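Worksheet: one structure, shown below.
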Amino acid sequence: MILYIALLIILAVCLFLTIQYSLFLPPVNGLPILMYHKVSKDINDGLTITSDKLESHFKYFTKKNYTCLPLKKVLESKDASIPKRSFVLTFDDAYLNNLQLLYPLLQKYGFHATIMLPVGYLGKTNVWDKGSEPLMDYRQLQSMDSTFVSFGLHSHKHISMKSSSFEEISKDISSCFQDLKQKQIEFLPVLAYPYGAYPKDRKTFDAFAELLSKLGVTHGLRIGNRINKWPLKTRYEIRRIDIRGDDSLWTFKTKLKKGRVKMF
């Protein structure tokens, strides 16, 4: 009886691990694009990662011979092949801590990250989250070497691309282009959708993608927590993997290799 109960427990644990952590799913071939946000000295949560934990990720990339590809190179590539262990780094919202804590690590490890700018809030704070976290200003953006950092768009006012009208989206994105060009900030015409939100209805999405193209946006980044097949199949539904500060190192490795942790 005891042996029977033990076997049931073992089976239950195996089933739990299989479902919860994709335990038996093989690694996925393709390109993982990783999404981070804030970097902190002492906080790990859903949007924040400590510099020590971030460095543990960078050490893992180096130890396992991963290649960090700049987003610009990926989106402009006509080559059907990329290094087997490739990845892309993106950081949303242009927090000042990206300059203070991320940038030195990029220089130390020779990696490149694309920071997605909520242009209308540069030099201010993350008011869309009712927060007081400072964002970089234009001078601070310009202080970083383009070898290690590039910039993309995260809308002007951190608006949802799902709930906003096309007129609001058009005005918002046009303001991004106008402000960044006026301040002479070089940027990729790539939009990371705030909140990962975008129209899901296919007809509406097609019209949305056409609008972005007319506005000069060449690519759109969603979330999705999947590894992108290579070459990229769609310009406006490129997937990113949400990397959380409260992820264990094991969870991070699983996301990097499989794109997700849970099977369902």
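Each value in this text was obtained by applying a stated rule to the coordinates, not by laboratory testing. This one's a predicted model, so the numbers in the text were calculated from it and none came from an experiment. Cβ: placed from backbone, ideal geometry, glycine included. Neighbour counts: every protein chain shown.
Check cross-link reach from LYS78 to the lysines: straight Cα distance under 28 Å, and skip same-chain residues fewer than eight apart.
LYS64, LYS181, LYS214, LYS229, LYS233, LYS255, LYS257, LYS258
What angle, in degrees between 0 and 90 and rounded to the nearest 10, separates the Cα long axis of helix 2-21 from the longest principal axis of the Cα atoms of the chain?
The helix 2-21 is inclined about 10 degrees to the chain.
Using the Cα atoms of the stretch 32-124 to build a convex hull, what is its mean projected area in square nanometres?
The orientation-averaged projected area of the Cα hull of the stretch 32-124 comes to 6.7 nm².
Calculate the tail of P(r) for the stretch 126-179: the fraction of all Cα-Cα distances greater than 16 Å, expressed in %.
56
What number does the chain give for Rg over Rh if you use C-alpha atoms and the Kirkwood radius?
1.01
Where in the stretch 132-239 are there chymotrypsin sites (Phe, Trp or Tyr not before Pro) that are in a DSSP coil and have at most 12 other Cβ atoms within 10 angstrom of their Cβ?
Counting only loop positions with at most 12 other Cβ atoms within 10 Å, none of the chymotrypsin sites (Phe, Trp or Tyr not before Pro) in the stretch 132-239 qualifies.
Considering only C-alpha atoms, what is the centroid distance from the stretch 172-235 to the stretch 105-130, in Å?
That distance is 17 Å.
Express in nm, to one decimal, how much length is gained between TRP250 and SER213 on full extension, taking 0.36 nm for each residue of separation and deducting their alpha carbon distance.
Gain in length upon complete extension: 9.4 nm.
Would you kindly give the portion of the calculated P(r) for the stretch 39-79 that falls above 12 Å, as a percent of all Cα pairs?
The proportion of pairs with Cα distances above 12 Å equals 67 percent.
Given an 8 Å cut-off on Cα distances and at least 6 residues of separation, report the relative contact order of the stretch 88-196 as a percent.
Dividing the mean separation by the residue count of the stretch 88-196 yields 29 percent.
Please state the relative contact order of the stretch 28-258 as a whole percent: Cα pairs under 8 Å, 6+ residues apart?
24
What does the helix-only formula give at 222 nm for the chain: each DSSP H stretch with n ≥ 4 adding -39500 (n - 2.57), the total divided by the residues, and the result rounded to the nearest 500 deg cm²/dmol?
After summing the helix terms and dividing by residue count, I get -10500 deg cm²/dmol.
Give me a comma-separated list of calculated 3J(HN,Hα) values for the stretch 246-251, in order, Karplus coefficients 6.51, -1.76, 1.60 applied at θ = phi - 60°, integers in Hz, x for any Gly or Pro.
Listing the rounded values in order: 8, 6, 6, 4, 4, 4 Hz.
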